[in-house]
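Reading through the structure tokens given below for one structure.
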Amino acid sequence: MSENKPEQPNSQEPRAEGVLTEKGVKIAEKSSIDALSQRGYGTVEKDVCTLAFYEALYLVDRQMLEVKDK
């Protein structure tokens with residue numbers, strides 16, 4: 001019998017931390033912003049990347065993002 005184990009993140013994938021806001025998930029770390037925006041995620045304004053909720057949900061599922069509440 002096989003167990004359902006959580007998928008391990010790929011070592012090449014960025015691991016970002018974001019903060020939940022009313023408009024989406026905000027990421028302030030420069031290296032995470034660069035890695036995610038190069039892949040087409042989020043919108044960058046004033047050194048902050050804002051992910052739409054569906055983007056954040058996908059990245060959390062892929063274990064590429066950890067979201068924290070304010």
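Rule-based calculations on the coordinates, nothing more; no lab input. Since the structure is predicted, the reported quantities are computational estimates derived from the model, not experimental observations. Every residue, glycine among them, receives a Cβ derived from its backbone with ideal geometry; neighbour counts consider all protein chains shown.
Annotations for the structure displayed:
- Among the residues of the stretch 51-70, those identified as free of Cβ contacts under 8 Å to residues at least 40 places away in the same chain, surrounded by 14 or more Cβ atoms within 10 Å (Cβ to Cβ) and of a type outside the set (Phe, Trp, Tyr) are Leu51, Ala52, Glu55, Ala56, Leu57, Val60.
- Residues that are free of Cβ contacts under 8 Å to residues at least 40 places away in the same chain, surrounded by 12 or more Cβ atoms within 10 Å (Cβ to Cβ) and touching a strand residue (DSSP E or B) at 6+ places or on another chain (Cβ under 7 Å) within the stretch 16-34 comprise Gly24, Lys26, Ile27, Ala28, Glu29, Ser32, Ile33, listed in sequence order.
- In the stretch 36-50, residue surrounded by the most Cβ atoms within 10 Å (Cβ to Cβ) [restricted to those that are of a type outside the set (A, V, I, L, M, F, W, C), more than 10 Å from the chain's Cα centre (by Cα) and within 16 Å of Glu22 (Cβ to Cβ)]: Thr43
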